[in-house]
1. Could you please find all residues in the stretch 74-85 being assigned to a helix (DSSP H, G or I), of a type in the set (A, V, I, L, M) and either at pLDDT below 95 or buried (at least 24 other Cβ atoms within 10 Å of the Cβ) (or both)?
2. Go through the stretch 164-219 and report how many residues are in contact with a helix residue (DSSP H, G or I) (Cβ under 7 Å, 6 or more places away or on another chain), among the charged types (D, E, K, R) and part of a strand (DSSP E or B).
3. R168 fails exactly one of the following numbered conditions: (1) surrounded by 17 or more Cβ atoms within 10 Å (Cβ to Cβ); (2) within 17 Å of D381 (Cα to Cα). What is the number of that condition?
4. I need the full set of residues from the stretch 236-272 which are of a type in the set (G, A, S), in contact (Cβ under 8 Å) with a residue 24 or more places away in the chain and in a loop (DSSP other than H, G, I, E, B), in order please.
5. T307 passes all but one of (1) farther than 16 Å from Y330 by Cα; (2) not in a strand (DSSP E or B); which number fails?
6. Is there a residue in the stretch 381-389 that is touching a residue at least 40 places away in the same chain (Cβ under 8 Å), in contact with a strand residue (DSSP E or B) (Cβ under 7 Å, 6 or more places away or on another chain) and loosely packed, with under 14 Cβ neighbours inside 10 Å?
7. Identify, please: which residue in the stretch 157-205 is over 17 Å from K226 (Cβ atoms) and charged (D, E, K, R) and is, among those, farthest from the chain's Cα centre (by Cα)?
8. Go through (1) surrounded by fewer than 22 Cβ atoms within 10 Å (Cβ to Cβ); (2) within 21 Å of the chain's Cα centre (by Cα); (3) charged (D, E, K, R) one by one and return the number of the condition E366 breaks.
Amino acid sequence: MNNNSEKLKVAIIGSGNRTRKVYTPLFDSLKNEMEIVAVCDPNKESCEEYAQSLGVKPYTSLKRLINDQIINAALVICPIDIHYAISIYLSENKIHHLVETSMCSTIQQGKLMVEKAKENNVVMRIAENFFRFPFDRIAKEIKKTDFIGECKRIVCYHDHTGYHNNSRWTYFFDEYPVSVQCVDHTMSTMPHNSMAHRHHTTEKFTSRFFWFPENKIVVDQAANIKGMLGRTGRPGITSIEGTRGTISRWTTRNWFGDGEVRYCSDKSLMDGAIADEIYPIINEAENNCWTSTYVDLPTGKITYTNTDYHLSEESVKYTSPGTKNIIRDYYGSALRSAMTDFTGAIKGHVESEFTGEDALMSMMMESGAKESALNQGKTIDLPIETELEVDKKQLIELKKKNGIDPMDIEQIIDQSIARP
């Protein structure tokens, strides 16, 4: 591992929208941790323009970048279709790398990514950020106090099913689920666009049930998660349910929600059991950047302090519908947390919050849920040891879509894959 005083020599792999709009504003706050020395993207025009903006060397070939031996780490910010191939190639060449979420396309790919990184003593992490948002941070701190009793159930509606939320649940419970069940429902809708290149005439609703040890469960449900067609906007409704109270959050406006702790006193428990003590969860920010979240409980003030504060949150822009003019004062800090976790793991002074194994479990939860839905809600045990039908279909679809075998590393690493 590197000496703690050394800066990592980092290449940015992928020069697209997320790289420019979300990652780039954070680089200045990380200048003591890493030095950006190269940009790699097979799209020559995009690569050269972005590299020039950073004052670094452009590469249209990952092989040439590696052969020049100027980096020891990389940020992989490109389509999920090629995460696997790039990760394997970087591990084989002993380059530490942080891969944009989601991890990859199938469980098999995820397993190989974890194995290859270990084999080469490489730090491979996934830049999952949702469990690093303020509500999840403070909810876990509240859980530690047992103020609302043991939490056995989480119900989440219209936040974000999928890889992001899978990772939230393992983070909250500090353990992996033992099984998953899922039921999907699709209905026709009026024709509509979620983005200029994404046209829809149907909508799928999914309901997932993740069973954790000792009778704990997460019920995770959503249709479209962008608030289209009048559906509840994100962050939806989350109810973390304990034996005598609830940690609750609900949408106040798109991408923002209020939260509170609802507690039943001894008197209330004997007379209707309606929460009679309500404690609001307060988020604080300075200069458009989240600084801390707290709740004042009778047992004491519970605070989570954001240690990834930075001065560029107002520069973190979003291009999805409904977010173009919104500054989410916590978003950049959550991503920066993933980046400092990555650099700290390389330097040997941080125990990662989200390891390669954690990332792989989130993949298993995702593929397992889809396999369950394919089989009318059949229970799928976790972890998954065999290849699933949904993963086989996914590989076939990727080959048809991109014209390349998704497991062929040599074919993929210097290809330009269109955004889905």
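1. Start the filter on the stretch 74-85 by keeping residues that are assigned to a helix (DSSP H, G or I), which leaves 80-85.
Still in the running and of a type in the set (A, V, I, L, M): 80, 82, 85.
Result: I82, A85.
2. Counting residues in the stretch 164-219 that are in contact with a helix residue (DSSP H, G or I) (Cβ under 7 Å, 6 or more places away or on another chain), among the charged types (D, E, K, R) and part of a strand (DSSP E or B) gives 4.
3. (2)
4. Going residue by residue through the stretch 236-272, those that are of a type in the set (G, A, S) are 236, 239, 242, 245, 248, 257, 259, 265, 268, 272.
Remaining after also requiring in contact (Cβ under 8 Å) with a residue 24 or more places away in the chain: 236, 239, 242, 245, 257, 259.
Selection gives G236, G242.
5. Only one criterion in (1) farther than 16 Å from Y330 by Cα; (2) not in a strand (DSSP E or B) is unmet by T307, namely (1).
6. Filtering the stretch 381-389 for residues touching a residue at least 40 places away in the same chain (Cβ under 8 Å) gives 381-384, 387-388.
In the following step, the residues that additionally are in contact with a strand residue (DSSP E or B) (Cβ under 7 Å, 6 or more places away or on another chain) were identified as 381-382.
Filter once more, so that each one left must be loosely packed, with under 14 Cβ neighbours inside 10 Å: 381.
Yes, the conditions are met somewhere in the stretch 381-389.
7. D184
8. (1)
The values are calculated or read from the model by the stated rules, or taken from the named source; none is laboratory data. Remember, it's a predicted structure, so these values are computed and weren't measured experimentally. Glycine also receives a Cβ, built like all others from the backbone with ideal geometry; neighbour counts cover every protein chain displayed.
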